[in-house]
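Here's the structure we're looking at; comments come further down.
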Amino acid sequence: MTEMMAWSIFLLPLFAFIFISLVIRPFLNGYDRVSGYVAIVAVAIGFVLSIQSVLEVWNNHGKIVWPSHSWITVGSLELSVGILMDPLTAIMLVVVSGVSLMVLIYSQGYMHGDPGYSRYFAYISLFTASMIGLVLAGNIIQIYFFWELVGLCSYLLIGFWFHKPSAIAAAKKAFLVTRLGDFGFLLAILYLFANGGEIFAANASEFTGAGMSGSVFDISSVNFAAKSGFFAGSIATLVALGIFAGAVGKSAQFPLHVWLPDAMEGPTPVSALIHAATMVVAGIFLVARFFPLFEVSSTAMSFVAITGGVTALFAASMGLVMYDIKRVLAYSTVSQLGFMMLALGIGAYGPAIFHLFTHAFFKALLFLGSGSVNHATGTFDMRYMGGLKKHMPWTYYTFLIGSLSIAGIFPLAGFWSKDEIIAASLHHPDAIQIVVAIMALVAAFMTAFYMFRALFMTFHGEFRGGIAAEPDSGADSHDVHLEESPAVMVLPMVILAIPAIVAGFLFNPVIDGGIGSIPQYWFSKMLNMVDHVYVKGHPIDFFAASISSIIAVSGIGLAYLIYIRKSVNTSTIIDGEFSYMTGPVYKLIFRKYFFDELYEGKITIALFYNGVARLIDWCDRNIVDRIGNVIGFFGRNSGKVVTTLETGQVQIYGVGMSVGIVSILIVFVVWG
Amino acid sequence: MDFHDIKLLSPEISMGALGIIIILLDMITNRKGVLATVSVVGLAVPLSLSLYLCGLVDSDSEGKLSGVYGTVLIDQFSLFFKFFILGTLALVILSSTDYLSKLGRLRGEYHALLIFSAAGMMLLPAVTDLISIYIAIELTALPLAALIAIRRDSHSTEAGIKFLLLSAMSSAVLLYGMALIYGFTGSTEIEVIIERIAYLSTGSGPFGERVILLAVVLIVAGIGFKISVAPFQMWVPDVYEGAPTPITSYLSVASKAAGFAIMLRIFYMAFGDIRIDWASLFAILSAVSMTVGNLAAVIQTNIKRMLAYSTVAHAGFLLMGLAAVGTQADLFETPMGPGSVLFYLVAYAVTNLAAFFVIIAVVNSTRSNMIRNFAGMGQRAPVLAIILSISMISLLGIPPTVGFMGKLYIFSAAINSGLTWLVICGVLNSVVSAYYYLRVIRTMYMLEPESDTSIQIGIPPRMAIGIVGIGILVLGIIPSTVMNAAEKAVIVFF
């Protein structure tokens, strides 16, 4: 594995983007399909290289060190470009390129006939390239650059159907809300740059001794500094919290979760990509990347854990009542991301990344499944679905696998990773961990319930008409084609179902001696190779495993009772009220705890629009504009003064020169 | 003059020969298009000779070759400018093929004069004797005067005469300054002048160091004319407007670079020791220049005049690098100042050439230099419009263009030398300049085109525009190669 091979994982999709935008779109009209092929080939090669990088990292016992390349050196400011190839990077590469590859293949069917076909594949290529660039980044400037690029790409893709006002609004919302978090991240970078320089310079010899560049922007050096205790006082806490603010925005953690459900306005494969492998996992990745820095500060760690726990619980509760299948999945993602944050916050680095890994596969699978359902029924509203099991068996069974996996049923992938997190939270009980353990268990129950609620409403019972039955849709029965999706869409779902079942064995806490060539605790051993990370593999915790299994099964059971056995009256499913939820609580949750109203009505309009914006507007008109006008007036007229001497008369110019010389001399004699 | 001397001067000698060949060829052939080809291909000879010298300098233990009775010095610094001038010249010749089709008989002279003038510019950074400096400057200026007037209409002729007269006046001022230096030090060789000045600045000379003040000011004024610094800038708009546009682009880039080269050579080599605070003089001139240039550019309606004032403003930015001599602690020990000047020259060259090349192509079709005639270029000539927009953004200094890197570098150099006030002045001036640079972009994209005919453009200008257009972005993203070359070139001063 050479450095060039690692770069090409990033460069290939980037070139695909450039090629599609600059060659195919302008010059090869009518050959749209080529865009798909170009993107798929680029990402497929990247995927193979990613697998290889995992093997290389494993065989090299941890980190492959490639010195970074100087990019700009201006005085004391030195910026470089480099790759940090460690176990985390390698695992993320597989997740990103693998999911992206499946999404690209699937999109060929889903986006078939869309006028923006080439543009779509161009954006997805750029999205993948940015995320891979983020994962590979060796320094903070690079990370920030790709971080913003990922944000931009998600903006472009959520607003892909820009003729829909709701898509534009969702894209703007996603961009602006995540920008709030990014601002914290930027502050953290600036704070680190302002305060870290001296610390790093003082310990330069230690960095050299450890083979680090000792640059304040270098990620390995920052982590090394944190681990060696160079950060005195509150520096680590402030930087960690700033970084976490960025992660809260991107990973849609409470209270910046509001953008993610709206992001459903984009094409469904994009949702799969955003939810499984790119945008939202970037936040988890960022915290994991700077994990040693977080570990230094117990304040930051507790903050991360509590935020994660609240998010997991809060989002899962909203997932219970949504009718839109994609919104159920969206809240499910927010909730699962909360799980990962929670795990990071209690120091369970390995389980968090493991859950990220398994979640990527089953969540991508579930989203692709919802897209497949939409392909047939024309709607995402589960009230108008039902009975699709017999029409779409492939979709049904893969969706079932995904649901079982996310619910945490033995022996599917989700069981192992979720169990690790729950076990970790039960293991070292202190006040915070007991709280988050309870949050995690309640959220796990809700997860099992809402996933099977979605499964039963969508696939079981009688078909309720699809888009044609939806009021005000303007569609008729011609828009509903009850049949299995084309092979190009089914194939990625089947492929993704495989890791959704077996990915858990990579952690393998059970079989001593390993499964085939995979040793016991492979995943934690892999992550553990880089010494700065605390991960430990421990045997399966039967107590935690039985609790989480009981919880998952009872969640599924409750859903079964309500939606299949109809033990509880749900005759009003179509009308929209559930009798098992009393009115006010139901309404509170269904309206998403009124967060949208709070942000838009109270904060955005009342506070910012009527308060801050008006004040700024007044200042702008009466102070800034006046100053601007004066400067403008001065500028225009002094421009005229300067040019009045431009008479075109060569004598005047000569005189001008002489006057210039004399005035310089006078200045020198007087002041010199 | 032995073989060693000829070797040192071989790039310039081959340039002279190439010019003569062009004139002879012009007499015997009717296919005038071949002249441009011969010129560009012929530049391979001075280029390879410069590369050969580069190899000699690299293998030399001191990194410099001196010859011709100590008047010529070949080092990294002079080689940097040889390549700079050769590159600029090749691009200008490529870009002017369309323009020249209306010049008729004079195409041979056009190419020959350009090459002669470039020979002077290549020589200028390499000479270390005041007399030779003067001769190189005149070798540069006289062909330029003829080139400015080559269109032979009233505008062009007027511009040529103005340039000639004012150039003569500035030469007189410069000569007066040199004569004073000779009077005080007794030598015209920079190496000797360095020693005598060191002696004078101990205060034991006949008049003390104050006597050099007048000489310094006169030299700054004389060269200040060439590099279009305020208050010696008044000729610039008239000449830029009247001259054929390819010559304007050449004047704004190559001529300015040669001027800054000799400025660096004289001040960093010879005047480093005198306690006259010429760095502050440059700082003040810098502030005056960028302010005057930008304010005057705001009200221009003719794009060539606008870029003329813009060039005055950029001369101000470049002077900022010249003023950045370091703080008291590390005076003349940091190569950042002169290094940033060299990088900025490259940045400005690539950017300004791109702007002018697009203007040449557009004006060839529309026959008007007015900014309003660029309306709707976004539709009429999308590629040209994008490149002109990129070059405007680069002139303004916004990433990811090379103009941003140039400003970043030069501003950092100034900050490191404690010139914070000047940097603030520079940033404010950049803000002012946004008004007139962005107005061009606005005109091209937001106003309706006056006709919908597309812009016809030949292959050589396309190549030139492509090279500089891509160069703006490539150097804006990966500036380190040129930055390293610039710092390596100025290391000879330290």
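The values are calculated or read from the model by the stated rules, or taken from the named source; none is laboratory data. All values derive from a computational prediction rather than experimental measurement. When we count neighbours, we look across all protein chains shown, and the Cβ atoms used for this are built from the backbone with ideal geometry, even at glycine. Remember, those area values only see protein heavy atoms, side chains included, never the ligands or the DNA or RNA. Shrake-Rupley method; radii C 1.70, N 1.55, O 1.52, S 1.80 Å.
Things worth noting here:
- Test: residue in the range B:374-392 that is hydroxyl-bearing (Ser, Thr, Tyr) and buried (at least 24 other Cβ atoms within 10 Å of the Cβ): yes
- Any hit, the range A:205-214, residues being part of a loop (DSSP other than H, G, I, E, B), touching a Cys at 6+ places or on another chain (Cβ under 9 Å) and polar (S, T, N, Q): no
- Only one entry in A:Gly386, A:Gly402, A:Gly371 is closer than 15 Å to A:Phe459 by Cα, open to solvent by less than 10 Å² (accessible area, probe 1.4 Å) and modelled with pLDDT under 80, namely A:Gly386.
- Of residues in the range B:137-177 being assigned to a helix (DSSP H, G or I) and among the charged types (D, E, K, R), the one surrounded by the most Cβ atoms within 10 Å (Cβ to Cβ): B:Lys162
- Across the range A:181-204, a minimum of one residue is classified as under 19 Å from the mean Cα position of the chain (by Cα) and under 20 Å from A:Asp262 (Cβ atoms).
- Filter pass, B:Val325 being more than 14 Å from chain A (Cβ to nearest Cβ) and outside any helix (DSSP H, G or I): yes
- Residue within the range B:437-453 that is open to solvent by less than 30 Å² (accessible area, probe 1.4 Å) and part of a loop (DSSP other than H, G, I, E, B) present: no
- Qualifying residue in the range A:301-324 (condition: open to solvent by 10 Å² or more (accessible area, probe 1.4 Å), in a helix (DSSP H, G or I) and charged (D, E, K, R)): no
- Qualifying positions in the range B:1-45 - assigned to a helix (DSSP H, G or I) and acidic (Asp, Glu): B:Asp5, B:Glu12, B:Asp26
- Matching entry among B:Ser249, B:Ser286, B:Ser340, B:Ser228 (being closer than 28 Å to B:Ser156 by Cβ, hydroxyl-bearing (Ser, Thr, Tyr) and assigned to a helix (DSSP H, G or I)): B:Ser249
- Among the numbered conditions (1) surrounded by 24 or more Cβ atoms within 10 Å (Cβ to Cβ); (2) assigned to a helix (DSSP H, G or I); (3) modelled with pLDDT of 85 or more, the only one that B:Tyr182 does not meet is (1).
- Checking A:Asp419 against (1) under 25 Å from A:Ile325 (Cα atoms); (2) open to solvent by less than 10 Å² (accessible area, probe 1.4 Å), the condition it does not meet: (1)
- Summed over the range B:384-410, the residues that are over 11 Å from B:Tyr445 (Cα atoms), free of Cβ contacts under 8 Å to residues at least 60 places away in the same chain and assigned to a helix (DSSP H, G or I) give a count of 5.
- Subset tally (residues that are of a type in the set (S, T, N, Q) and free of Cβ contacts under 8 Å to residues at least 60 places away in the same chain) for the range B:417-450: 2
- The selection criterion, being under 26 Å from B:Pro237 (Cα atoms) and either of a type in the set (A, V, I, L, M, F, W, C) or free of Cβ contacts under 8 Å to residues at least 12 places away in the same chain (or both), holds for B:Ile299.
- Filter result for B:Ala486 (assigned to a helix (DSSP H, G or I), farther than 15 Å from B:Thr401 by Cβ and within 14 Å of chain A (Cβ to nearest Cβ)): yes
- Consider the range A:40-62 and keep the residues that are at pLDDT 85 or above and farther than 18 Å from A:Val135 by Cβ. The one that is least open to solvent (accessible area, probe 1.4 Å) is A:Ile40.
- Taken over the range B:407-446, the criterion of being more than 30 Å from B:Gly378 (Cβ to Cβ) and more than 10 Å from every other protein chain (Cβ to nearest Cβ) is satisfied by B:Ala414, B:Ser417, B:Gly418, B:Leu419, B:Thr420, B:Trp421, B:Leu422, B:Val423, B:Ile424, B:Cys425, B:Gly426.
- Enumeration of residues in the range B:1-28 that are in contact with a Leu (Cβ under 9 Å, 6 or more places away or on another chain) and open to solvent by less than 30 Å² (accessible area, probe 1.4 Å): B:Leu8, B:Leu9, B:Ser10, B:Pro11, B:Glu12, B:Ser14, B:Met15, B:Leu18, B:Gly19, B:Ile22, B:Asp26
- Subset of the range A:143-157 [over 13 Å from the mean Cα position of the chain (by Cα), closer than 18 Å to A:Phe17 by Cβ and crowded, with 19+ Cβ neighbours inside 10 Å]: A:Leu156, A:Leu157
- Candidates in the range B:91-136 are the residues that are over 19 Å from B:Pro461 (Cβ atoms) and aromatic (Phe, Trp, Tyr); of these, the one that is surrounded by the fewest Cβ atoms within 10 Å (Cβ to Cβ) is B:Tyr134.
- Among the candidates A:Ser76, A:Ser68, residue that is polar (S, T, N, Q) and touching a residue at least 40 places away in the same chain (Cβ under 8 Å): A:Ser68
- Selection count, the range A:64-90, where residues are outside any strand (DSSP E or B) and more than 11 Å from chain B (Cβ to nearest Cβ): 9
- So B:Gly87, is it in a helix (DSSP H, G or I) and either within 16 Å of B:Thr245 (Cβ to Cβ) or at pLDDT below 90 (or both): no
- Restricting B:Leu200, B:Leu213, B:Leu165, B:Leu251 to residues that are modelled with pLDDT of 90 or more and more than 18 Å from the chain's Cα centre (by Cα) narrows the list to B:Leu165.
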